[in-house]
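Undergrad: Structure in structure tokens, see below.
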Amino acid sequence: MKTLQGKVALVTGASRGIGRAIALRFAAEGATVVVTARSLDTSTAEGTLSETVRLIETAGGRAIALAADLEKPEECDVLVGRAVAAAGGLDILVNNAGYAEYAPVADMPMEMFERTVEHYLRAPFALIQDAMPHLRQRGAGWILNIGSVTAESPSRPFDDFARFGGATVYAAAKAAMHRFTEGLAAELLADNIAVNLVGPSGAIRTPGAARYIPADYPTEPVEYLVETALALCHKPAAELTGEITYSMAYPAARNLTVYQLDGHTPLIK
């Protein structure tokens with residue numbers, strides 16, 4: 001029996017990068033994956049939802065694509081209902097979608113600040129509220145938020161990234177999501193709904209993040225984060241909830257084998 005056999009997962013921001021990787025791995029474990037992004041077939045070099053679905057179906061999995069712009073409340077606030085109608089239920093919600101924008105506070109336009117809050121706080125909040133009744137109906141559920149190591153306090157003395165990188169507002173939103181995850185885990189424990197968070201330990205060279213990562217900067221394989229995501233999305237809440245962790249640390253601490261996205265081949269033999 002595959003780990004997620006019979007489960008339905010909604011993964012936001014799944015046209016590329018971390019979201020696509022999680023969708024592929026969850027589908028390989030037997031989940032029906034509802035993938036969402038702004039559009040189905042926007043032609044870019046970075047990937048499309050339709051391409052994500054093709055990759056999953058070619059590997060023998062099941063996926064459903066739903067276009068939704070999470071910056072628009074009228075689209076965000078009906079997404080969970082659309083996913084449930086399309087897939088027949090919901091067991092797992094992965095809040096991955098986001099568009100990181102960096103600027104020093106003194107120079108940040110209010111529109112950029114509001115977009116950051118919209119992406120990393122308002123949209124996940126709305127999706128979680130909408131998902132709760134469906135997860136309760138199933139008798140169990142899993143909510144996974146994607147965090148960031150920038151949520152940790154900057155080291156002293158301040159390095160150049162802290163001083164000039166412009167990540168303060170983004171990092172503050174991610175720090176809020178870390179605390180939100182812990183509080184929500186407590187609130188939903190009695191409902192057997194696990195709420196956890198995983199972030200990259202360092203940098204993952206995804207299409208969305210590449211513009212911020214120098215060519216010679218060391219990065220990590222996305223598979224470590226994906227393996228952690230899977231581990232956080234199948235155990236009962238009484239056993240595992242409220243976890244705030246990072247991609248490289250979790251598998252190492254628990255001696256987990258990290259697999260490629262096909263779910264069969266170890267990343268390192």
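The values are calculated or read from the model by the stated rules, or taken from the named source; none is laboratory data. All of these numbers come straight from a predicted model, not from anything done at the bench. Every residue, glycine among them, receives a Cβ derived from its backbone with ideal geometry; neighbour counts consider all protein chains shown. We work out accessible area using only protein heavy atoms, side chains counted, and drop any ligands, DNA or RNA first. Shrake-Rupley method; radii C 1.70, N 1.55, O 1.52, S 1.80 Å.
Undergrad: Hey, any hits in the stretch 146-160 for a residue that's more than 24 Å from A103 (Cβ to Cβ), in contact with a Leu (Cβ under 8 Å, 6 or more places away or on another chain) and open to solvent by less than 10 Å² (accessible area, probe 1.4 Å)?
TA: Among the residues of the stretch 146-160, not one is more than 24 Å from A103 (Cβ to Cβ), in contact with a Leu (Cβ under 8 Å, 6 or more places away or on another chain) and open to solvent by less than 10 Å² (accessible area, probe 1.4 Å), which makes the answer no.
Undergrad: So, in the stretch 82-118, of the ones that are among the small types (G, A, S) and buried (at least 17 other Cβ atoms within 10 Å of the Cβ), which residue ends up nearest to R16 (Cα to Cα)?
TA: A97
Undergrad: Taking N96 and the conditions (1) free of Cβ contacts under 8 Å to residues at least 12 places away in the same chain; (2) within 18 Å of L184 (Cβ to Cβ), which numbered condition does it fall short on, given that it satisfies the others?
TA: (1)
Undergrad: Checking the structure you have, find out if any residue of the stretch 123-144 is of a type in the set (S, T, N, Q), in contact (Cβ under 8 Å) with a residue 40 or more places away in the chain, closer than 27 Å to A37 by Cβ and open to solvent by 60 Å² or more (accessible area, probe 1.4 Å).
TA: Yes; the residues of the stretch 123-144 include at least one that is of a type in the set (S, T, N, Q), in contact (Cβ under 8 Å) with a residue 40 or more places away in the chain, closer than 27 Å to A37 by Cβ and open to solvent by 60 Å² or more (accessible area, probe 1.4 Å).
Undergrad: Using the structure shown, decide if R211 is more than 15 Å from the chain's Cα centre (by Cα), surrounded by fewer than 17 Cβ atoms within 10 Å (Cβ to Cβ), at pLDDT 95 or above and more than 30 Å from Q129 (Cβ to Cβ).
TA: no
Undergrad: Somewhere in the stretch 16-25, is a residue touching a strand residue (DSSP E or B) at 6+ places or on another chain (Cβ under 7 Å), under 30 Å from A171 (Cα atoms) and open to solvent by 20 Å² or more (accessible area, probe 1.4 Å)?
TA: For the stretch 16-25, residues touching a strand residue (DSSP E or B) at 6+ places or on another chain (Cβ under 7 Å), under 30 Å from A171 (Cα atoms) and open to solvent by 20 Å² or more (accessible area, probe 1.4 Å): present.
Undergrad: Give the stretch 171-183 a look and list any residue that's farther than 28 Å from A103 by Cα and open to solvent by less than 10 Å² (accessible area, probe 1.4 Å), or say none.
TA: Scanning the stretch 171-183 gives no hits.
Undergrad: Considering only residues of the stretch 215-247 that are polar (S, T, N, Q) and surrounded by fewer than 23 Cβ atoms within 10 Å (Cβ to Cβ), which is modelled with the lowest pLDDT?
TA: Within the stretch 215-247, the match that is modelled with the lowest pLDDT is T219.
Undergrad: Can Y102 be described as more than 21 Å from D77 (Cα to Cα), hydroxyl-bearing (S, T, Y) and touching a Ser or Thr at 6+ places or on another chain (Cβ under 8 Å)?
TA: no
Undergrad: Now for a separate question. Yes or no: A87 closer than 19 Å to V34 by Cβ and under 19 Å from the mean Cα position of the chain (by Cα)?
TA: Judged against the criteria, A87 is not a match.
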